[in-house]
1. When a/c is below 1.5 the answer is rounded, else prolate if a/b is larger than b/c, else oblate, so apply that to the range 270-330 with a ≥ b ≥ c taken from the square roots of the Cα gyration tensor eigenvalues.
2. To test your reading of the geometry: what angle, between 0 and 90 degrees and rounded to tens, separates the Cα axis of helix 150-159 from the longest principal axis of the chain?
3. Which of the peptides 156-162, 485-491, 235-241 is most tightly packed, and how do the rest follow, going by the mean number of other Cβ atoms within 10 Å of each residue?
4. May I ask you to rank LYS401, LYS578 by accessible area, largest first, using a 1.4 Å probe over the protein chains only?
5. Tell me, what % of the accessible area of the range 473-625 is carbon and sulfur with a 1.4 angstrom probe?
6. Can you give the charge dipole size of the chain about its Cα centre, rounded to the nearest 20 debye, using +1 on the beta carbon of Lys and Arg and -1 on the beta carbon of Asp and Glu?
7. How high is the relative contact order of the range 476-615, given as a whole-number percent (alpha carbon pairs under 8 Å, six or more residues apart)?
8. Find the relative contact order for the chain and round it to a whole percent, using C-alpha pairs within less than 8 Å whose residues are 6+ positions apart.
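The values are calculated or read from the model by the stated rules, or taken from the named source; none is laboratory data. Since the structure is predicted, the reported quantities are computational estimates derived from the model, not experimental observations. In this analysis, Cβ positions are derived from the backbone assuming ideal geometry, glycine residues included, and neighbour counts consider all displayed protein chains. For accessibility, only protein heavy atoms count, side chains too; no ligands or nucleic acids. Shrake-Rupley method; radii C 1.70, N 1.55, O 1.52, S 1.80 Å.
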Amino acid sequence: MCYRLLHHAQAVLARRSCFRLGLFLGVLLLLFSAEGRSEEFRRLDQEQTPPEFATLQDWMARAHELRTRIMVSAGLEPLPARTPLNPRLSPPLARDGYTVQNVSLETLPGFYLTGNLYRPLRMDPPYPAVLGPHGHWKNGRLEDSERSSVPGRAINLARRGAVVFTYSMIGYEETKGLIPHRFDEPRYQLWGFGPAGLQLWNSLRALDFLTSMTDVDPGRIGMTGASGGGTQTFLLMAVDPRIAVAAPVNMISAHFQGGCICENAPLLRLDSINTEIGAMMAPRPLMLVSTSGDWTSKTPDVEFPAIRSVYRLFGAEDRVANAHFDYPHNYNRDSREAVYGWFGRWLWDEERPGEEPFQVEPADALTAELPARPLPLEEVFSNFAARARGQIEIHKPGDWKEIFRYREAYGPVLRHTLSVPPSPDLVEMEVQLPDPHHRAGRAVLVVHPREEEERARALAHRYRGDGRLAFRISPYPQVEALMPPEDVNHWTTYNPTPASRRIDQVRRACRVILDRGDVTGLDLVGLGEAGAWVLLGAATGPRVGSVSAELEMFSGDTDQVFLDRLFVPLLRRAGDLKTAAVLLAPGQLTLHGLDEGPLKLWFQEVYGAAGASGMLEFRNAPIGN
């Protein structure tokens, strides 16, 4: 007998109907908690409506969530150690009103960022400063064409009194051929290692470099870039308050989020769009430069009003502006002049109009010197993952104070990693009633993969015989339906993986059961690979009683089992089952089949730190034996 719970009132009626039928028939029943399954997948080029926020409090809460999401998706939460930059600067070339130097920075050990540093000659310090990332122009930061001139922009800003650092995307200019610009593998995603995260890290370190200069005013830092450089601009300004004024050019759009992997970190836009991220600059001064010939064509009517509405909540509408032109995709002279005026207004109180003529140096004169052996991509990844593991080990708690410290550092990371936007998907459960006259009491939820159905059914029947209300769920048994078609590009940026959805189904099932009036508590049981679903669902969902989970396949604590059976981007970076252990302690936990090794030892040490070793039990036999 089936029921569909369409909303709260109908859900209550449906539950009562189920119990009447159960009392009469004494058989298994199916409960549902939603209308049906949506087959829609989010895409990077989907028309979106920017959300509205009624109060400043609503916006601040959303901005906090978005800031965490950006850092998590970039693999930068918790923040890696800021190792020495070891800057290498060439002798300055003195030109009309400015100097220029070539720069290399070691943003990670063996990983380099290159750029050019422009300094003013006609003004006195302290100087404002401007970061200048570039887009996917053919010549990167050395692009000098009618469509865009990165050096020309830097020269004009330097002549106006700013220190300007233009820097390359990964795989461009000096690092071309040494490291690819576009790369993506599931094993990289497990650790949050990818072009988008590396470029955001490079931007953070470039900002560190600028603010370390004794003649730069750290309170007057601007940032501007177009296209992919616009993406780099709005991501950094969203997470780092040191950016005092910004101008992303030809990028922020409600119907196109960026097409390159370097703009699409996994999980970044599960439920958000670039318009929201752009609004995170509020109430600091922001100019949107848009044009009729690309995806920013609707900015005056859609994106700008949406962002301005957030500034209105701060009473700061005068701090946001839009300059709209009629060109193809660009950062041309008209666009640059709009930015010069905006930066002049906020950085040095001088809105000097126009762009001065400039002469760009030959490319070889602007090429930075790299150390003899920058690390290849695979070594950069290995080191990145090793440092992430090291961070987790350093945070391993030894007492309750350190448990709280670990939870503060990694709890939000795991929750964001496993977050799933609200969905109409079914929560399908089977329930066994203990007897016709049962009273309120503890329930048990048995979670299992499709191949364990027979064992799960028998186990639920046994719990029923013990007088308990027994539920059984196999989340998304037809997992193929959860995979998007091949034309959904960068799909993990916009959609949860099947494993994430299964873990979320466990959380939702727990909420449905705990909302029942005849349930006083809930225990969880996970069979086979569902042991990990249960452990992670309990750690990030509503509070439950005891948890029993089969974890034999995870004994080795290797990436491969996560790739094969539990693929969730960033899950390894978030501490996976180790973080779940810290969030669950000191609750009753029984782990089945977990062999001796680092993961078992972690559970033992965490429960020891909580003074709850007696609440942790290991069993060799499968659940039910």
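1. oblate
2. 60
3. 156-162, 235-241, 485-491
4. On the way: LYS401 165, LYS578 25 Å².
Highest to lowest solvent-accessible surface, that is LYS401, LYS578.
5. Its accessible area is 47 percent carbon and sulfur atoms.
6. On the way: 67 positive and 75 negative charges, 322 e Å.
It comes to approximately 1540 debye.
7. Working: 173 pairs, mean separation 30.0, N = 140.
Reported as a whole number, the value is 21 percent.
8. Over the chain, the number comes to 15 percent.
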